[in-house]
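What follows draws every value from the coordinates through simple rules; no lab data is involved. As the structure is a computational prediction, the values presented were derived from the model and not from experiment. Heads up, the Cβs are rebuilt from the backbone with ideal geometry, glycines too, and the neighbour counts pull from every protein chain shown.
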Amino acid sequence: MTAFLAKAWEWLKKNWMWVLLPVGLLLLVFGVLKPRPKVIGSQLHDAAVAANKARAEADKRAAEAAAARDAEVKRIEAEHAESIKKLTDSQKKTVEELRTDPEALNKYLLDVGKQIRG
């Protein structure tokens, strides 16, 4: 084993450039290919902060608009339900008045059915 190490040492002293060249090339390649950290400029940082602020404001306004729309939809649904109830009550009242005349009641109910179907 000692004889092998002595021969290897002699060869290494004689051919050190042939060992150093590939090692240097490998170090150079890995040094160039190594990703370098990117530095973000203050303008990009300020732009990101402004974008986040604008996004938050837009989300806030969208939530307010959605709440207003929901309130308006509820109001319209309540008005619709009230008008339907009034119409139904008037139709029931008319039906009660026409109970004595079957032909008039039948004609009225057919007309109501046509109105509902459109």
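A few notes on this one:
- In the range 2-65, the trypsin sites (Lys or Arg not before Pro) that fall in loop regions by DSSP, at most 15 other Cβ within 10 Å: 38
- Lysine pairs within the chain, Cα separation less than 23 Å, 8 or more sequence positions apart or different chains: 12
- Length gained on full extension, residue 16 to residue 50, computed as 0.36 nm times the residue gap minus the Cα-Cα distance: 6.4 nm.
- Charge dipole of the chain about the Cα centre (unit charges at C-beta), most positive-ward option of 95, 16, 37: 16
- Answer label for semi-axes √(5λ) of the Cα gyration tensor in Å (calculated), chosen among [x] 73, 17, 10; [y] 97, 24, 10; [z] 27, 14, 13: [y]
- Theoretical FRET efficiency, 1/(1+(r/R0)^6), r = Cβ-Cβ of residue 5 and residue 30, R0 22 Å, to 0.05: 0.15
- Nearest-ten-degree value, helix 2-14 long axis tilted from longest Cα axis of the chain: 80
- Computed from backbone phi with θ = phi - 60° and the Karplus coefficients 6.51, -1.76 and 1.60, the 3J(HN,Hα) list for the range 89-99 is 4, 5, 5, 5, 5, 5, 4, 5, 5, 8, 4 Hz; x is used for glycine and proline.
- Rounded to the nearest 500, the 222 nm mean residue ellipticity of the chain from helices alone is -31000 deg cm²/dmol, with -39,500 (n - 2.57) taken per DSSP H run of at least 4 residues.
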